[in-house]
1. Please go through the stretch 189-213 and give me each residue that is part of a loop (DSSP other than H, G, I, E, B) and closer than 13 Å to VAL162 by Cβ, ordered by number.
2. Tally time: how many residues in the stretch 175-187 are loosely packed, with under 14 Cβ neighbours inside 10 Å and either not in a strand (DSSP E or B) or not aliphatic (A, V, I, L, M) (or both)?
3. Out of everything in the stretch 161-218 that is under 30 Å from THR140 (Cβ atoms) and among the aliphatic types (A, V, I, L, M), what residue ends up being nearest to ligand 2 (Cβ to nearest atom)?
4. Using beta carbons and a limit of 9 Å, which pairs, at least six apart or on different chains, have the first residue in the stretch 32-59 and in contact (Cβ under 8 Å) with a residue 24 or more places away in the chain and the second one in a helix (DSSP H, G or I) and surrounded by 14 or more Cβ atoms within 10 Å (Cβ to Cβ)?
5. Answer with yes or no whether SER242 is in the same structural domain as ARG178 (by TED's automatic domain parsing) and modelled with pLDDT under 95.
6. Mind listing just one residue for me: the one in the stretch 85-105 that is within 13 Å of LEU65 (Cβ to Cβ) and touching a strand residue (DSSP E or B) at 6+ places or on another chain (Cβ under 7 Å) and, of those, farthest from ligand 2 (Cβ to nearest atom)?
7. Taking the stated definitions as given, is ASP99 among the charged types (D, E, K, R) and exposed (fewer than 15 other Cβ atoms within 10 Å of the Cβ)?
8. Do we have ASP105 as touching a helix residue (DSSP H, G or I) at 6+ places or on another chain (Cβ under 8 Å), in contact (Cβ under 8 Å) with a residue 40 or more places away in the chain and crowded, with 16+ Cβ neighbours inside 10 Å here?
Amino acid sequence: MSAMAVLGWRTLWSLFVCFTVLRTNALSVTMSESTMEVVRGDYIILPCSFSTYSPLSRLNIIWTLAPFSSPESPFQVIVYDHGQIIEDPSLIGRVGFTDLPLRADIMINDTRVSDAGVYRCMVNNPPEAADPGIGELLLTVLVAPSLPACRWDGEVDAGGSVTLSCSVAEGIPTPEIRWDKLNPEEISLPINMEGELSGSVQIINVSAQTSGLYRCSASNLLGTENCYINLSIYSAGSESSSGILQGVLLTLSMSLMLSALLVLVTWLHRTGRDGRWRVSKGEEEEEEGYNEIRYTPSLIKRSFV
Ligand SMILES: *[C@@H]1O[C@H](CO)[C@@H](O)[C@H](O)[C@H]1NC(C)=O
Ligand SMILES: *[C@@H]1O[C@H](CO)[C@@H](O)[C@H](O)[C@H]1NC(C)=O
Ligand SMILES: *[C@@H]1O[C@H](CO)[C@@H](O)[C@H](O)[C@H]1NC(C)=O
């Protein structure tokens, strides 16, 4: 009997302890997510739930943000206090509670890069103590790479060196930059990064084979954007060979003219020396010529008839 009583008292005591613990730690906040991602411009709901045993008449919720851009200066995004809602000016019209007063979730519309950071959801429901009354989550705002800008610089004559550079203005996560030569077959080129958002390729001692289409691509998990450079190397080799060809042609035509002149001179010289031969030859030629001329009108007539 006394053993039973002891057991009874013990049970009561442990129930009392439990109740006290529950009472003192009554309000607790839980964040179902610790990290979240949203694509810039989309909306997101940041979940924050709490459990309390007291009436919600004095419920107080504060959401703060420590932006990645300035983690040392957190600010209050939205506050619910005594039934009133106060929003930070930078988020006015874009932020709101979704399930008051049952949950502390907030929705952010038209997200911006500046919305990224560490969010804290703090819930108080006096007179209940809150331990822990704070939940934390990390929000990343993703941005697709912007269109990269391709540039080239250097000597495009054979033997020179050319630098191809590419820079991308934005993208979260930081876009990966790569350069590829697309023809005759696609090959990846070694790239020198200048900061996180631009990369260049240096090609030394360029030759005709260096000519071709080059592509810079900036990509992250949201997509890829490309820019192109069509490089034409002026090969000194082909220039000189065409020069040689031209020289050869010029020499050829000049020697032809010269030989023609020589023939003419020789002929004139011979006709000058032998006039009679020239006359008789000339008459023959004239007769032949006359015959041809005599024939022509009839031919013409015939063709007209
Ligand atoms: C966000 O946009 C949706 C749909 O356009 C709208 O229903 C909701 O009220 C907006 N939320 C806030 C906090 O502005
Ligand atoms: C440049 O390339 C040509 C052929 O492509 C080669 O003959 C020459 O030795 C190279 N010059 C240098 C300085 O590498
Ligand atoms: C690149 O340039 C060459 C010669 O200038 C031209 O024949 C070729 O079509 C160009 N290619 C592209 C893709 O523009």
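1. Listed by number, the residues that qualify are ILE204, ASN205, VAL206, SER207, SER211.
2. The total comes to 5.
3. Within the stretch 161-218, the match that is nearest to ligand 2 (Cβ to nearest atom) is ILE191.
4. Every condition considered, the pairs that remain are VAL38/ASP115; ARG40/VAL113; ARG40/ASP115; ILE44/ASP115.
5. In short, no.
6. Here the residue is GLU87.
7. Spelling it out, ASP99 is indeed among the charged types (D, E, K, R) and exposed (fewer than 15 other Cβ atoms within 10 Å of the Cβ).
8. For ASP105, the condition - touching a helix residue (DSSP H, G or I) at 6+ places or on another chain (Cβ under 8 Å), in contact (Cβ under 8 Å) with a residue 40 or more places away in the chain and crowded, with 16+ Cβ neighbours inside 10 Å - is not met.
The values are calculated or read from the model by the stated rules, or taken from the named source; none is laboratory data. The structure presented is a predicted model; accordingly, all values stated were derived computationally and were not measured. For neighbour counting, all protein chains shown are included, and Cβ atoms are generated from backbone atoms with ideal geometry for every residue, glycine included.
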